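First the structure, in the form of structure tokens, and then the observations on it.
The values are calculated or read from the model by the stated rules, or taken from the named source; none is laboratory data. Note that the structure is a prediction, hence the values are computed from the model and not measured. When we count neighbours, we look across all protein chains shown, and the Cβ atoms used for this are built from the backbone with ideal geometry, even at glycine. The accessibility values were calculated without ligands, DNA or RNA, using every heavy atom of the protein model including side chains. Shrake-Rupley method; radii C 1.70, N 1.55, O 1.52, S 1.80 Å.
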Amino acid sequence: MKIRYTRHALARMSARGITKKLVAECLIAAQKIEQQPGGSLKFTYRNKGKKLVVIHEKNKENYTIITAYYEN
């Protein structure tokens, strides 16, 4: 699995203190997966009491991260 990041995702992750390692953990161990309009996927993962959300698109061998944020 190769993970690619959009510029938007990298900027938002940096501003929110979300690491690439944490995004990878979310993709592997997501507790909830939802289809989004337009075909992207919303993965939700709880880490240390915080709910991390990763929005991404997947093709045959790549995940393209669109954004990542913490949700209440």
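Would you mind stating whether E25 is in contact with a Lys or Arg (Cβ under 6 Å, 6 or more places away or on another chain) and either among the charged types (D, E, K, R) or surrounded by 15 or more Cβ atoms within 10 Å (Cβ to Cβ) (or both)?
So E25 fails the test.
Quick one: which of E25, E34 is on the phi < 0 side of the Ramachandran plot and either in a strand (DSSP E or B) or not charged (D, E, K, R) (or both)?
Numbers: E25 fails: either in a strand (DSSP E or B) or not charged (D, E, K, R) (or both).
On inspection, the qualifying residue turns out to be E34.
Go through the stretch 1-43 and give me each residue that's touching a helix residue (DSSP H, G or I) at 6+ places or on another chain (Cβ under 8 Å) and not β-branched (V, I, T).
M1, Y5, M13, K20, F43
State which residue pairs qualify: first residue farther than 13 Å from V54 by Cα and inside the stretch 1-16, second residue open to solvent by 90 Å² or more (accessible area, probe 1.4 Å) in any location, beta carbons under 7 Å apart, and separation of 6 or more residues or different chains.
K2/E61
Just for the stretch 1-22: of the residues that are outside any helix (DSSP H, G or I) and open to solvent by 100 Å² or more (accessible area, probe 1.4 Å), which one is farthest from I65 (Cα to Cα)?
If we take residues in the stretch 1-22 being outside any helix (DSSP H, G or I) and open to solvent by 100 Å² or more (accessible area, probe 1.4 Å), then M1 is farthest from I65 (Cα to Cα).
So which residues in the stretch 34-52 are loosely packed, with under 10 Cβ neighbours inside 10 Å and either among the charged types (D, E, K, R) or within 18 Å of Y70 (Cβ to Cβ) (or both)? Can you show your working first?
Just the residues of the stretch 34-52 that are loosely packed, with under 10 Cβ neighbours inside 10 Å, to begin with: 35, 37-39, 48-49.
If the condition is that a residue be loosely packed, with under 10 Cβ neighbours inside 10 Å and either among the charged types (D, E, K, R) or within 18 Å of Y70 (Cβ to Cβ) (or both), then K48, G49 are the ones that fit.
Looking only at residues in the stretch 53-72 that are outside any strand (DSSP E or B) and more than 19 Å from R7 (Cα to Cα), which one is most open to solvent (accessible area, probe 1.4 Å)? Before you say what the answer is, go through the steps one by one.
So in the stretch 53-72, the residues outside any strand (DSSP E or B) come out as 59-61, 72.
Then drop every residue that is not more than 19 Å from R7 (Cα to Cα), which leaves 60-61, 72.
Working: K60: 200, E61: 131, N72: 178 Å².
The selected residue is K60.
Which ones in the stretch 32-61 are under 16 Å from N72 (Cα atoms), modelled with pLDDT under 95 and among the polar types (S, T, N, Q)?
N47
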